[in-house]
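For reference, the structure discussed in these notes is given below.
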Amino acid sequence: MARVRQEFTALPEFADELDLLPLDLPFAPFTLPRADAPCVSIVIPVHGKLAHTLACLRSLARHGARADFEVIVVDDASPDDTATVLAQVGGLRLLCNERNLGFVDSCNAGAAVATGEFLLFLNNDTQVTQGWLDALLACFAERPDCGIAGPRLVYPDGRLQEAGGLVFADGSCWNTGRFEARNAFAYQYRRRTDYVTGAAMLLRREVFHRVGGFDIRYRPAYYEDTDLAFAVRQLGLSVYYEPSSTVIHCEGITSGTDPRSGAKRHQATNQAKFADKWASQLAAQPPPGTPLERAIRWHARGRVLVVDATMPDPARDSGSLRLCGILRLLDAHGWSTCFFPDDRRAGSAEAITLGGLGCEVLAGPQADELPQWLARHGRQLHAVVLCRHTVAGQYARLVRLHAPQARLVFDTVDLHFLRERRAAELAGNPALSRQAEASRRSELALIEQSDVTLVVSAHEQALLAGMVPSARVELLSNIHELHASVPPHDERRDLVFIGGWQHPPNADAIRWIAGAILPRLREALPGIRVHVLGDVPENTRTELARPGLEIHGRVPQLEPWLDGCLASLAPLRFGAGVKGKINMAMSHGLPVVATTIAVEGMQLTDDVDVLVANDADAYADAVLRLARDAPLWQRLSGHGLENVRRHFSADAAAATLERILG
């Protein structure tokens, strides 16, 4: 239907925003980047069509890449003056076949002389865009199982051409997303796919040669790219579609579009060869006629829907950091994930960020509301994760109605009623007490309705065991990577507090630092400063202003402070759950000075993993002790790292996810 709609929709020949280079540009010599030890060897087979080849090469020169690359053009006995003209392009390695060999042999010839760690096969009727090559390399860096990566291919008119390819049990293929809107969120997430077209594909040179290169049985062309993908998958590697890389492809320029003539006539013959070679593997592929939405996820363990109040932003709060870690683990362990933000707000950049975790975002102007989406897709779901009682309370019944087979998981994020009750007690506020009681009833009701409830701390798990003994409550805490390089005590100065003002426990802590803790510290260490990293309103900054308090707002990177400060402060006087600010600091080997509430449920011991103090004088004394005692600092640093490894690592979270979903 998409193709029918597009056929009757008037489109410009070229989409202006793609900024294509013209084909009629008069030739003048130019130079391509060329490295002595390239990371990537770009192999471009050509047979005529000089104008397209020049536009392709100019686009490579125009956009470049952070990674070093070389360009190898294999002139397959072109009938025009391709060889003469290309000899004038600086930096280009030009190979010339004595006779026309076809795509397969030309690509193999180019690969034979390549020197890069990676091979990038690229059609001459393509133009690359900014960041295209680095995004493909990032897929390899971030996905250890990546064997081949392919970009988002688009037509010159802006429509999507391919977002990965599907292979059916009879060997037939389909380009995912063909003729759809290229920026649709459904095609903005990285995922495993059956194959990517040879028009633009990246793989390691060693892997290409290990599988024997492009199989010559498919001479001169067609199905060699699909065959290569199956050979690489047979090694235990995966083929990935990488949406952050965009390549414009004038499909049909190289081989035509008529299946009865030119190289295209080999398509049907080579499908039969492919089906015969891979008969046993094809038995595991979807049957012809399988709906595309199901075929895309055919090899996934199952589909998991996650719903939260807003799009996660790891730079904003620890809950977002944890959720992104969960999504990353689900993808790594073979689950197909999709995310619905309850506020419906999701920009393209946010969708791409989540797409890098293998997660599809269900938002945007054309997206359904969640009740409608569940009615259409609920029966496909293996599990639904509803985050926070304010969100879960809206949708739990709908999940049971439209996805009765799905495991319903309630992720508390933290027990809201516990945090609100403590805030009410600290403030002596009856209204907050009533709000805490309402939250308690809501959360406990959802825990009873759900198949599994997730909490972030052992303290909360024990608390719920007494309150709802029949419920299954699993511990899935914060997820952090360990940072091995830890600058020593004598290279550090100042203190850091991580957290935004919008979270009430953080606001109270910042006020306490400014009003009581910092003045005591500066009496003993006049030059010491506290750096506050997180959103703080401008009027509040003015109110809090005093010597030694530096409010930086949200920062792009925490590392400069975590690697340069003496300690991280967590003077929280109320709250619940596990404190991401503590995990984050300890994952960098930065000791923490905290309150009893702050370290609750985190398996931390005073004077072993952390320093604990609950009044301003004791808090200042603990910081001063740390500043003056290098061996103490070193001991806390090492034990903090070990605590994160044991309780807050990806391995610990993955084990919990496997228990509840496997």
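The values are calculated or read from the model by the stated rules, or taken from the named source; none is laboratory data. All values reported here derive from a predicted model rather than from experimental measurement. Neighbour counts run over all protein chains shown; Cβ positions are idealised from the backbone, glycine included.
On the given criteria, is Phe168 at pLDDT 95 or above, of a type in the set (A, V, I, L, M, F, W, C), in contact with a helix residue (DSSP H, G or I) (Cβ under 6 Å, 6 or more places away or on another chain) and more than 27 Å from Gln366 (Cα to Cα)? Steps first, please.
Details: at pLDDT 95 or above: yes; of a type in the set (A, V, I, L, M, F, W, C): yes; in contact with a helix residue (DSSP H, G or I) (Cβ under 6 Å, 6 or more places away or on another chain): no; more than 27 Å from Gln366 (Cα to Cα): yes.
Against the criterion (at pLDDT 95 or above, of a type in the set (A, V, I, L, M, F, W, C), in contact with a helix residue (DSSP H, G or I) (Cβ under 6 Å, 6 or more places away or on another chain) and more than 27 Å from Gln366 (Cα to Cα)), Phe168 does not qualify.
Which of the strands (runs of 3 or more DSSP E) found entirely inside segment 330-400 contain at least 2 residues meeting this: closer than 14 Å to Tyr187 by Cα and outside the structural domain of Ala163 (by TED's automatic domain parsing)?
Values: elements: 336-341, 359-361, 381-387.
Because the criterion is at least 2 residues that are closer than 14 Å to Tyr187 by Cα and outside the structural domain of Ala163 (by TED's automatic domain parsing), the strands (runs of 3 or more DSSP E) in segment 330-400 that meet it are 336-341, 359-361.
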request  = Kindly provide the set of residues from segment 523-550 that are more than 30 Å from the chain's Cα centre (by Cα), in a strand (DSSP E or B) and crowded, with 17+ Cβ neighbours inside 10 Å, ordered by number.
outcome  = Val530, Leu549
message = For Leu518, only one of the following conditions fails: (1) at pLDDT 95 or above; (2) surrounded by fewer than 20 Cβ atoms within 10 Å (Cβ to Cβ). What is its number?
response = (2)
request  = Could you please find all residues in segment 301-329 being more than 16 Å from Ala363 (Cβ to Cβ), part of a loop (DSSP other than H, G, I, E, B) and either among the polar types (S, T, N, Q) or in contact (Cβ under 8 Å) with a residue 60 or more places away in the chain (or both)?
outcome  = Arg301, Gly302, Ala315, Arg316, Asp317
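Restricting attention to segment 60-85, and to residues there that are surrounded by fewer than 20 Cβ atoms within 10 Å (Cβ to Cβ) and either of a type in the set (D, E, K, R) or in contact (Cβ under 8 Å) with a residue 40 or more places away in the chain (or both), which single residue is nearest to Leu101 (Cα to Cα)? Break it down into steps so the answer makes sense when it comes.
Filtering segment 60-85 down to residues surrounded by fewer than 20 Cβ atoms within 10 Å (Cβ to Cβ) leaves 61-64, 66-68, 77, 79-81, 83-85.
Then drop every residue that is not either of a type in the set (D, E, K, R) or in contact (Cβ under 8 Å) with a residue 40 or more places away in the chain (or both), which leaves 62-63, 66-68, 80-81, 85.
Numbers: Arg62: 30, His63: 31, Arg66: 33, Ala67: 31, Asp68: 29, Asp80: 16, Asp81: 18, Val85: 21 Å.
Of everything passing the filter in segment 60-85, Asp80 is nearest to Leu101 (Cα to Cα).
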request  = Look at segment 551-570 and say how many of its residues are crowded, with 17+ Cβ neighbours inside 10 Å and part of a helix (DSSP H, G or I).
outcome  = 2
ask   = Does segment 284-298 contain at least one residue that is buried (at least 16 other Cβ atoms within 10 Å of the Cβ) and touching a Cys at 6+ places or on another chain (Cβ under 7 Å)?
value = no
task = Within segment 314-337, track down each residue that is farther than 27 Å from Gly534 by Cα, in contact with an Asp or Glu (Cβ under 9 Å, 6 or more places away or on another chain) and crowded, with 22+ Cβ neighbours inside 10 Å.
result = Ser336, Thr337
remark   = Checking Glu443, Glu481 in turn, the sole residue that is in the same structural domain as Leu370 (by TED's automatic domain parsing), in contact (Cβ under 8 Å) with a residue 12 or more places away in the chain and not in a strand (DSSP E or B) turns out to be Glu443
message = Of everything in segment 182-225, what is among the polar types (S, T, N, Q) and more than 11 Å from Ile148 (Cα to Cα)? Give them in sequence order.
response = Asn183, Gln188
request  = Just one of (1) over 21 Å from Arg659 (Cβ atoms); (2) of a type in the set (D, E, K, R); (3) touching a residue at least 24 places away in the same chain (Cβ under 8 Å); (4) crowded, with 19+ Cβ neighbours inside 10 Å trips up Asp411, so point out which.
outcome  = (1)
task = State which residue is surrounded by the most Cβ atoms within 10 Å (Cβ to Cβ) when the search covers only segment 340-366 and only residues that are within 14 Å of the chain's Cα centre (by Cα) and over 30 Å from Phe497 (Cβ atoms).
result = Cys359
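Report yes if Val154 is within 21 Å of His299 (Cβ to Cβ) and touching a residue at least 12 places away in the same chain (Cβ under 8 Å), otherwise no. Break it down stepwise before answering.
Numbers: within 21 Å of His299 (Cβ to Cβ): no; touching a residue at least 12 places away in the same chain (Cβ under 8 Å): yes.
So Val154 does not fit the description; no.
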key: Those residues of segment 531-566 which are touching a Phe, Trp or Tyr at 6+ places or on another chain (Cβ under 8 Å) and under 26 Å from Leu426 (Cα atoms), in sequence order   = His531, Val532, Leu533, Gly534, Asp535, Val536, Pro537, Thr540
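Restricting attention to segment 138-154, does a residue exist that is more than 25 Å from the chain's Cα centre (by Cα) and not in a strand (DSSP E or B)? Outline the logic, then answer.
As a first pass, look at segment 138-154 and keep what is more than 25 Å from the chain's Cα centre (by Cα): none.
No; the residues of segment 138-154 include none that is more than 25 Å from the chain's Cα centre (by Cα) and not in a strand (DSSP E or B).
Being among the small types (Gly, Ala, Ser), over 24 Å from Leu235 (Cα atoms) and not in a loop (DSSP other than H, G, I, E, B) is the filter here, so list the residues in segment 98-137 that pass it. Please lay out each step first, then the result.
Narrowing segment 98-137 to residues among the small types (Gly, Ala, Ser): 102, 106, 109-112, 114, 116, 131, 135.
Retained after the next criterion (residues that are over 24 Å from Leu235 (Cα atoms)): 102, 106, 131.
Scanning segment 98-137 gives a single hit, Ser106.
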query = Out of all the residues in segment 627-662, which are out of contact with any helix residue (DSSP H, G or I) (no Cβ under 6 Å at 6 or more places or on another chain) and of a type in the set (Val, Ile, Thr)?
reply = Thr656, Ile660
ask   = Within segment 59-78, is there a residue that is in a helix (DSSP H, G or I), among the β-branched types (Val, Ile, Thr) and within 27 Å of His266 (Cβ to Cβ)?
value = no
ask   = Restricting attention to segment 91-137, and to residues there that are within 24 Å of the chain's Cα centre (by Cα) and aromatic (Phe, Trp, Tyr), which single residue is farthest from Ile216 (Cα to Cα)?
value = Trp132
inquiry  = Filter segment 184-226 down to the residues that are of a type in the set (Asp, Glu), touching an Asp or Glu at 6+ places or on another chain (Cβ under 9 Å) and either crowded, with 24+ Cβ neighbours inside 10 Å or at pLDDT below 95 (or both) and list them by number.
reply    = Glu224
ask   = Which residue pairs have Cβ atoms closer than 6 Å, lie 6 or more positions apart in sequence or on different chains, and pair a first residue in segment 31-55 that is in the same structural domain as Phe121 (by TED's automatic domain parsing) with a second residue that is surrounded by fewer than 19 Cβ atoms within 10 Å (Cβ to Cβ) and in a strand (DSSP E or B)?
value = Thr31/Gly90
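For segment 20-58, how many residues are more than 17 Å from Ala114 (Cα to Cα) and outside any strand (DSSP E or B)? Don't jump to the end; show me each part of the working.
First, pick out the residues of segment 20-58 that are more than 17 Å from Ala114 (Cα to Cα): 20-31, 47-58.
The next check asks that each one be outside any strand (DSSP E or B); those that pass are 20-30, 47-58.
Of the residues in segment 20-58, 23 are more than 17 Å from Ala114 (Cα to Cα) and outside any strand (DSSP E or B).
Residues Glu538, Glu523: which one is out of contact with any strand residue (DSSP E or B) (no Cβ under 8 Å at 6 or more places or on another chain), within 17 Å of Leu624 (Cα to Cα) and of a type outside the set (Gly, Ala, Ser)? Lay out the reasoning, then the answer.
Numbers: Glu538 fails: within 17 Å of Leu624 (Cα to Cα).
On inspection, the qualifying residue turns out to be Glu523.
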